[in-house]
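A.B. asks: My questions will all concern the structure given below.
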Ligand SMILES: NC(=O)c1ccc[n+]([C@@H]2O[C@H](COP(=O)([O-])OP(=O)(O)OC[C@H]3O[C@@H](n4cnc5c(N)ncnc54)[C@H](OP(=O)(O)O)[C@@H]3O)[C@@H](O)[C@H]2O)c1
């Protein structure tokens, strides 16, 4: 049994990872969360969720004391470096983990692509913060780390019917509207992986001794071109999608064709539509550049007993749910 602390474990990706570790009953898991500001609404902590520890990410000493007190061996960070201040929080957490005397392994927040990609291939401003975290881990040689890369989350493709904790955001596919927005010619290969599968593999990594942790952990749900993805969506839903191919030069300027279901999603982002479009545009540029064709040591091969969610099965399941919700009338 390993004692694990998941920073941001109440968040979108973190919650799934915590659920999976907890469900397997192989390890003891704690959730790290920021101290709640006085008067702020109470947290949505599911029943039967493991212990939630409030921490002050601005104090390395305080963080270090918490990690040592609970005898934490492995820290998993799922902080989202897109949000202001989360990068410093993660850097402090790395240093605290290195200093506390109990932590031997640190899995930093990535869960995406290799951020070493040239900026023009992935012009996502927080990439610099992700790279800084890796630098910090390299400096702290007592910690073993692995960088988890899973491509684009499959969950997004089946919204709003997918079972997921991710906040909704529509990119490439909008199955309710029967629309697809494809960057360029659509022949680029992209890896799509469900958050549930990422969580399962992360749980498996906990059983692996530190010296066997790969430097770069690739998780491949499905590797497919965007054109094949749209064909699969058409097969699974039995309807023809309205397809728009956005010019890469336009996407580089932040312009992308709107997917109708994104409309209610804008308010989640402080910068509204522009911020959401910006996120989608950088992902689409990355897809065209091949950045989402994930490389590294494939955890699928390291842990062959873990069954991943296949794309067509996933889309069919989501579309069945749409039927139950009477959405097929939009055809
Ligand atoms: N590949 C993909 O398609 C994809 C998609 C989405 C996300 N991701 C990646 O997955 C990782 C997790 O993303 P997510 O969407 O799960 O994140 P999230 O839910 O937005 O945030 C995770 C947690 O971070 C904590 N947090 C936020 N701001 C903070 C700050 N300033 N300081 C300290 N903690 C802060 C919050 O926890 P508390 O409030 O409880 O402290 C929050 O619940 C990120 O690295 C993200 O880039 C990848």
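The values are calculated or read from the model by the stated rules, or taken from the named source; none is laboratory data. Remember, it's a predicted structure, so these values are computed and weren't measured experimentally. With ideal geometry, Cβ positions are generated from the backbone for all residues, glycine too; neighbour counts draw on all protein chains shown.
A.B. asks: Can you report the number of residues in the stretch 98-113 which are more than 9 Å from the ligand (Cβ to nearest atom) and touching a strand residue (DSSP E or B) at 6+ places or on another chain (Cβ under 6 Å)? Give the derivation first.
C.D. replies: Going through the stretch 98-113, the residues more than 9 Å from the ligand (Cβ to nearest atom) turn out to be 98-107.
When the remaining residues are screened for being touching a strand residue (DSSP E or B) at 6+ places or on another chain (Cβ under 6 Å), the result is 103, 105-107.
Residues flagged as more than 9 Å from the ligand (Cβ to nearest atom) and touching a strand residue (DSSP E or B) at 6+ places or on another chain (Cβ under 6 Å) within the stretch 98-113 amount to 4.
A.B. asks: Return only the number of the condition from (1) in contact with a helix residue (DSSP H, G or I) (Cβ under 7 Å, 6 or more places away or on another chain); (2) surrounded by 21 or more Cβ atoms within 10 Å (Cβ to Cβ); (3) at pLDDT 95 or above that residue 144 does not satisfy.
C.D. replies: (2)
A.B. asks: I would also like to ask the following. Do we have residue 159 as over 14 Å from the mean Cα position of the chain (by Cα), outside the structural domain of residue 91 (by TED's automatic domain parsing) and touching a residue at least 12 places away in the same chain (Cβ under 8 Å) here? Give the steps one after another, and end with the answer.
C.D. replies: On the way: over 14 Å from the mean Cα position of the chain (by Cα): yes; outside the structural domain of residue 91 (by TED's automatic domain parsing): yes; touching a residue at least 12 places away in the same chain (Cβ under 8 Å): yes.
Judged against the criteria, residue 159 is a match.
Yes or no, residue by residue, for (1) crowded, with 20+ Cβ neighbours inside 10 Å; (2) at pLDDT below 95:
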position	(1), (2)
38	no, yes
44	no, yes
47	no, yes
63	yes, no
69	no, no
72	yes, no
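A.B. asks: Can you pull out the residues in the stretch 132-159 that are in a loop (DSSP other than H, G, I, E, B) and within 16 Å of the ligand (Cβ to nearest atom)?
C.D. replies: Let us first name the residues in the stretch 132-159 that are in a loop (DSSP other than H, G, I, E, B), namely 140-143, 146, 150-151, 159.
Across the stretch 132-159, the qualifying residues are 146, 150, 151, 159.
A.B. asks: Which of the residues belonging to the stretch 76-97 are crowded, with 21+ Cβ neighbours inside 10 Å and away from the ligand (no atom under 12 Å from the Cβ)?
C.D. replies: Hits for the stretch 76-97 are 94, 96, 97.
A.B. asks: Oh, and also: Within the stretch 296-303, identify whether any single residue is in contact with a helix residue (DSSP H, G or I) (Cβ under 8 Å, 6 or more places away or on another chain), closer than 17 Å to residue 156 by Cα and at pLDDT 95 or above, and answer yes or no.
C.D. replies: no
A.B. asks: Go through the stretch 1-24 residue by residue and tally those that are farther than 17 Å from residue 197 by Cα and away from the ligand (no atom under 15 Å from the Cβ).
C.D. replies: Residues that pass the stated criteria total 4.
A.B. asks: Shifting gears a bit: Test each condition in (1) exposed (fewer than 14 other Cβ atoms within 10 Å of the Cβ); (2) more than 15 Å from the ligand (Cβ to nearest atom) for residue 289 and report the one that comes out false.
C.D. replies: (1)
A.B. asks: Provide a single number: the residues in the stretch 121-144 that are farther than 26 Å from residue 71 by Cα and free of Cβ contacts under 8 Å to residues at least 40 places away in the same chain.
C.D. replies: The initial filter retains those residues of the stretch 121-144 that are farther than 26 Å from residue 71 by Cα, namely 121-132.
After this cut, where a residue has to be free of Cβ contacts under 8 Å to residues at least 40 places away in the same chain as well, the list is 125, 127-128, 131.
Within the stretch 121-144, residues that are farther than 26 Å from residue 71 by Cα and free of Cβ contacts under 8 Å to residues at least 40 places away in the same chain number 4.
A.B. asks: Okay, next question. Any chance the stretch 200-219 includes a residue that's closer than 30 Å to residue 323 by Cα, within 15 Å of the ligand (Cβ to nearest atom) and either at pLDDT 95 or above or not assigned by TED's automatic domain parsing to the domain that holds residue 114 (or both)? Steps first, please.
C.D. replies: First, the residues of the stretch 200-219 that are closer than 30 Å to residue 323 by Cα: 200.
Still in the list and also within 15 Å of the ligand (Cβ to nearest atom): none.
No, the stretch 200-219 contains no residue that is closer than 30 Å to residue 323 by Cα, within 15 Å of the ligand (Cβ to nearest atom) and either at pLDDT 95 or above or not assigned by TED's automatic domain parsing to the domain that holds residue 114 (or both).
A.B. asks: All but one of (1) within 25 Å of residue 111 (Cβ to Cβ); (2) surrounded by 15 or more Cβ atoms within 10 Å (Cβ to Cβ); (3) modelled with pLDDT of 95 or more hold for residue 227; which doesn't?
C.D. replies: (1)
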